[in-house]
Amino acid sequence: GKMADCSSGRVETIYRTRDPVINLRIGVSLQRVTPTALFTQHVLQPALQQGQDRIEMTTFDIPASGEMTSSFRTHDQEEVVLGWQEKLFSQFEIDLFKNQQACQSPLDFQYHNEILSLQETEERKNFRIFTYTDFDRYTSMKEYSQTMTTSAKEDRSYLTERMSHIRCRRQERRITEGKIPHSRMITWAPNEEFVRNNHVVNNPVQTMYIMGDLGPYGKLGKRENEYVLCTIKVDSNGVLAVKPDFSGSKSAYRIETEGEKKELWLYTINNASITVQKDDQDREKNLFKDLYDRHKEYLNTLVGEEFEIPPLGALKLFVNGEIVSAEGYEYDNLYVQFFLELPDNWFCPSQQQLSGVTQTCSTKVEGRENVAYFSHPFNFEMTLRSDNQPEGFLPQWPVLYFGVQSCDFWLRYRVEGYGYIRIPDSPGSYTLTCQTWRPILPGTSEMYRFFVGGLLELEDMTYIRTPSTFKGERLSRFGFRTETAGTVTIKFHCMQQCRTFLDSSMARKRSQNVLERMGGLTHQASLHSVLAAFERAQQRMHEARENLSKDLLHSSTSASLDPE
């Protein structure tokens, strides 16, 4: 028959516990409320006792869980305290399993023996309240019949069918540590059927249902009168789901039976677990603390207490960066080639790769510019050695060179722009944007670039700044024509490690770029700040000159238009 579920509108509450779930005890109280009894107990009797001739509407509220009395007949109320996965048989199960011919599985025969022993000892403590444990057929059928919507036309998908047949609640089936399953861990060539059959979630959960037989007295044992009072689920992580929540001081839950003769039942669910004494709690805390301390010591033995420290007079620089985006370029499908130049006295591990290229990325319109987002990561590890250097030595800092190129549908490659960024000399996180340029030639070079692509490309990318092969005093770029291109945004996360940082006397200097002991890098930082200030002043001068030219042009135009 149809199994009624009165808990569909209840709210599920999640708890977390570190105690074994076997210690969980649940108290359930159930009673039938007849119209006469309800009116007499909650309305008429209080009014007569207080001498009132009028009845307040608030007296018709649902009673709280602690107000359920024992003024009803025995078969109209029942209270049971049960444990986790404790089996309480319903009248239907007793009538079914007491007949040995109806038993099929080993669990059925176990229930048959338990029912016979209950009838012999007459120690049955329940009549209306019973349970379905994780091993019963009802639990499997309940999970199989679950739907995602309230629509009567809902179709079960293939994944739902597969999930409904998975018995994933057995915690004891998990593979113990140190044992290797006989099946293959990796299937290198999975077919489509294998993927479909294994695309399921296997989260071990144990379930228990607390039920109520709300049929008329003397006619218990009918499946259509069985109602779900509470559903309890526990997973392997100690997460306890109770639906509906424990009553506590809240109002009692109510059930209105189906059929022609509707009856009202009230029930409460409370946590009846034994409270742990303070001494036991302290003992448990000390036990866990000792366990965690031992585990911490074990991890320390694996990791070690000493980290690798660079040699004296050396500075290690770790750079984790990201090429974020490029915008403002003429063509689409951009990619960035980059490499890091190490000046003198800088070294890197032999396996360190100092160059790379991003993926090709299409642009999208943001505001007035076409932006390509790469989010391409890179990392460098370098070491600066300043020993055996003369006094006043100013070391150079590594520089990241990059070139932006494009590739269209016809595989025409074009240089979109060149640029460079000096690696920040202070530890921290930085987001820097670099303006790029590209070389041009007079005449038909732009037409050649449009139809054929290619053309002008720097043979040595260090020519963007100062060529690595240049040894003279003055570098002439006379006749070299360029055009302003787009911008590239790069993020840097810099970390520095030096043995000198451990010196407590140098703590006040840690906010500097690096220590003066490393070769006067503070003077280098001052030089860079002066150059940056000069560039800003030069830019302001150019802007003022352009504005002045526009003002003079505007004033001269106005003067020519005035009549004489």
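The values are calculated or read from the model by the stated rules, or taken from the named source; none is laboratory data. Values in this document were obtained by computation on a predicted structure and should not be read as measured data. Because the Cβ atoms are built from the backbone with ideal geometry, glycine has one as well, and the counts that use them run over all protein chains shown. For accessibility, only protein heavy atoms count, side chains too; no ligands or nucleic acids. Shrake-Rupley method; radii C 1.70, N 1.55, O 1.52, S 1.80 Å.
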Number of the exception - PHE72 against (1) modelled with pLDDT of 90 or more; (2) open to solvent by less than 40 Å² (accessible area, probe 1.4 Å): (1)
Can we say ASN379 is modelled with pLDDT of 90 or more, surrounded by 18 or more Cβ atoms within 10 Å (Cβ to Cβ) and over 25 Å from TYR463 (Cβ atoms)? no
Which of the numbered conditions does GLU306 fail, given that it passes all the others? Conditions: (1) free of Cβ contacts under 8 Å to residues at least 12 places away in the same chain; (2) under 31 Å from the mean Cα position of the chain (by Cα); (3) under 30 Å from GLN353 (Cβ atoms). (2)
Tell me whether the range 338-351 contains one or more residues that are under 19 Å from LEU432 (Cβ atoms) and of a type in the set (D, E, K, R). yes
Limited to the range 75-106, what total is found for residues that are in contact (Cβ under 8 Å) with a residue 40 or more places away in the chain, among the aliphatic types (A, V, I, L, M) and either farther than 18 Å from ARG25 by Cα or buried (at least 17 other Cβ atoms within 10 Å of the Cβ) (or both)? 4
Output the residues belonging to the range 408-439 that are touching a helix residue (DSSP H, G or I) at 6+ places or on another chain (Cβ under 7 Å) and either part of a loop (DSSP other than H, G, I, E, B) or not basic (Lys, Arg) (or both). TYR418, GLY419, TYR420, ASP425
Restricting to the range 471-485, count the residues that are acidic (Asp, Glu) and open to solvent by less than 100 Å² (accessible area, probe 1.4 Å). 1
Residue identified as hydrophobic (A, V, I, L, M, F, W, C) and modelled with pLDDT of 90 or more among LEU411, LEU354, LEU394: LEU354
Check the range 107-124 and report whether any residue there is at pLDDT 85 or above, open to solvent by less than 30 Å² (accessible area, probe 1.4 Å) and more than 28 Å from GLY27 (Cα to Cα). no
Filter result for LYS142 (under 47 Å from the mean Cα position of the chain (by Cα), crowded, with 16+ Cβ neighbours inside 10 Å and either at pLDDT 70 or above or not small (Gly, Ala, Ser) (or both)): yes
Has the range 324-335 got at least one residue that is part of a loop (DSSP other than H, G, I, E, B), over 30 Å from PHE451 (Cβ atoms) and out of contact with any His (no Cβ under 8 Å at 6 or more places or on another chain)? no
Residues that are surrounded by 15 or more Cβ atoms within 10 Å (Cβ to Cβ) and not in a strand (DSSP E or B), drawn from the range 226-250: PRO244, ASP245, PHE246, SER247
